[in-house]
Amino acid sequence: MMKLLRRTLTGLFLVVCTIILALGLGTLVPRPLFDSAPDTGAALQPSDGRRILVLSNPIHTDIALPADPDVLEAFDFISDAGLDLDYPGVFWVAFGWGGRSFYIETPTWADLKPGPVIDALTWDTSVMHVRRTGDIPSDLDSVRELYLSQQQFDELVADIKASFQANDTETPPAIPGGAYDAHDIFFPAVGGFNALMGCNTWTADILRRAGVKTGVWTPLPVTLDWSLDLHNRL
């Protein structure tokens, strides 16, 4: 019995060490590892570029874009689907990618159920969550400012838009009854979801495509945040 217990504890210890090592390497090793392009990502000053926000909570990150005319035009299909982005008091439009079951069925921790958790840990279809918000104070611990060149900003907008699943139509269809309240909406998204390649790796990938270096694997908001500090002149 003691021998079995020792083997079990040793196995658990090795699993924990492997996870910690993977998280550490995923944060420390930058992606892209070798980049011949000029190092301009996330290094611009406020007067030089377009401001975006990375919003985080303990398990999830969103990318917030300013509710400027070019952004409203790029995402006019969201307004057409029922969430008017050109709305009084809207400063930001926040985008988050995640698993359909967990995202839609768990608006608060009080709504947590075993089914969505199992789906998130194994495999689930994905959704895009869009929320319109008022002004967001930049000095909050959960908010990070990044400044992009106009070209990088346009690439970011295009990649976020490409994450919506349009199927055979030009306009992505909203998911009926998925919204939490009057200020958000859900759409089917491209790709499958699991805990290893989830919402925070999507955020990192979208930022990388716009020229911001991140860690090679950042499944947690805190690891994404650390990698942004490590690999960019912020």
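The values are calculated or read from the model by the stated rules, or taken from the named source; none is laboratory data. Owing to the predicted nature of the structure, the values given are computational and were not obtained by experimental measurement. We place every Cβ from the backbone using ideal geometry, glycine too, and count neighbours over all the protein chains shown.
Could you list, ordered by first residue, the pairs with Cβ atoms under 6 Å in which the first is in the stretch 67-83 and touching a residue at least 40 places away in the same chain (Cβ under 8 Å) and the second is in a loop (DSSP other than H, G, I, E, B) and hydrophobic (A, V, I, L, M, F, W, C), at least 6 apart or interchain? Filtered contacts from the stretch 67-83: A67/V90; A67/F91; I78/L85; A81/A174.
Any residue at all in the stretch 152-170 that's in a loop (DSSP other than H, G, I, E, B), free of Cβ contacts under 8 Å to residues at least 12 places away in the same chain and hydrophobic (A, V, I, L, M, F, W, C)? Among the residues of the stretch 152-170, at least one is in a loop (DSSP other than H, G, I, E, B), free of Cβ contacts under 8 Å to residues at least 12 places away in the same chain and hydrophobic (A, V, I, L, M, F, W, C), which makes the answer yes. From the list I118, I104, I136, exactly one residue is at pLDDT below 95 and within 20 Å of S56 (Cα to Cα). Which is it? None of the others qualify; the one that does is I104. Looking at the stretch 54-100, which of the residues that are among the charged types (D, E, K, R) and surrounded by 18 or more Cβ atoms within 10 Å (Cβ to Cβ) is nearest to V190 (Cα to Cα)? Only one residue fits best here, namely R100. Taking the stretch 217-234 as the range and being modelled with pLDDT of 90 or more and charged (D, E, K, R) as the test, the residues that pass are D225, D229. Scanning the stretch 177-221 for residues that are under 21 Å from V117 (Cβ atoms), touching a residue at least 60 places away in the same chain (Cβ under 8 Å) and among the aliphatic types (A, V, I, L, M) returns A189, A195, L220.
Taking the conditions exactly as written (farther than 25 Å from D48 by Cβ and surrounded by fewer than 21 Cβ atoms within 10 Å (Cβ to Cβ)), does A195 satisfy them or not? Yes, satisfied. Among what's in the stretch 171-185 and is assigned to a loop (DSSP other than H, G, I, E, B) and of a type in the set (A, V, I, L, M, F, W, C), pick the residue that is nearest to T125 (Cα to Cα). The qualifying residue nearest to T125 (Cα to Cα) is I175.
When L83 is tested against (1) touching an Asp or Glu at 6+ places or on another chain (Cβ under 6 Å); (2) in a loop (DSSP other than H, G, I, E, B); (3) aliphatic (A, V, I, L, M), exactly one condition is not met: (1).
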